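Colleague: The structure's right below; bear with me while I get my questions together.
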Amino acid sequence: WKPRRIESEVLRDSILFKSNRLELTMGGSMLKEQNHKYVDRGKQKEYIKSMRRTIYLPVLRSSGYDGQKAFDFPDPAVITGKRNVSSVTPQALYLMNSDLIHKSSSALAEILLGDTRKANNKDRASWLILHLLGREATTAERERGENFAATYGKDDNSAAWAAFSRALFATNEFLYIQ
């Protein structure tokens with residue numbers, strides 16, 4: 001079994017799901033226009049802000065969403081039998097700087113702090129690693145998480161854990177299926 005990077009749709013849905021922001025409503029269309037009518041591409045910025053699963057986002061020919069394009073979403077204007085899989089710098093930049101990541105990591109930090117009110121920072125690091133990566137944290141990871149939280153934002157614990165969440169979202173362990 002070879003490691004395989006998750007598709008852009010799965011990545012977006014996973015980030016929203018792990019931060020408890022994914023809207024799980026099934027069915028329906030986000031497009032309000034009738035069939036065979038002109039679709040305003042300017043509304044794409046509104047569509048991507050939706051918390052619905054990515055499968056429900058409208059796909060318009062000759063355009064796309066930045067996060068999807070960064071992670072090899074196929075060009076909808078061309079027939080594609082197999083998707084490209086690349087690992088390039090813009091992907092890492094997207095995972096550290098996008099609005100989706102910042103809002104999701106902030107929401108996740110609030111969940112973490114709510115669920116671990118009486119816990120120490122080592123236990124919080126363990127909780128976050130288990131939640132995002134699906135495995136127990138090693139002793140070294142727990143210590144790194146504790147040190148990170150202690151030095152990142154001495155006055156703002158939420159910002160420190162949001163930043164730690166962003167770092168975990170950008171790991172290969174989150175991006176690849178083993």
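The values are calculated or read from the model by the stated rules, or taken from the named source; none is laboratory data. Everything numeric in this text was worked out from a predicted model, so none of it was measured. Note that each Cβ is placed from the backbone with ideal geometry, even for glycine, and that neighbours are counted across all protein chains shown. Note: accessible area is taken over every heavy atom of the protein model, side chains too, but ligands, DNA and RNA are not part of it. Shrake-Rupley method; radii C 1.70, N 1.55, O 1.52, S 1.80 Å.
Colleague: Looking at the stretch 16-41, I want the residues that are at pLDDT 85 or above and have a partner that is assigned to a loop (DSSP other than H, G, I, E, B) and open to solvent by less than 70 Å² (accessible area, probe 1.4 Å) with Cβ atoms under 7 Å, at least 6 apart or on another chain. Which pairs are those?
Modeller: As it stands, the answer is L16/L22; L16/M51; R21/M51; L22/M51; E23/M51, since those pairs meet every condition given.
Colleague: Name the residues in the stretch 96-135 that are open to solvent by 70 Å² or more (accessible area, probe 1.4 Å), farther than 15 Å from A167 by Cα, without any contact (Cβ under 8 Å) to a residue 40 or more places away in the chain and in a helix (DSSP H, G or I), would you?
Modeller: The one that is open to solvent by 70 Å² or more (accessible area, probe 1.4 Å), farther than 15 Å from A167 by Cα, without any contact (Cβ under 8 Å) to a residue 40 or more places away in the chain and in a helix (DSSP H, G or I): D115.
Colleague: Sticking with this structure for a sec: Would you tally the residues in the stretch 84-95 being open to solvent by less than 70 Å² (accessible area, probe 1.4 Å) and hydroxyl-bearing (S, T, Y)?
Modeller: The qualifying residues number 2.
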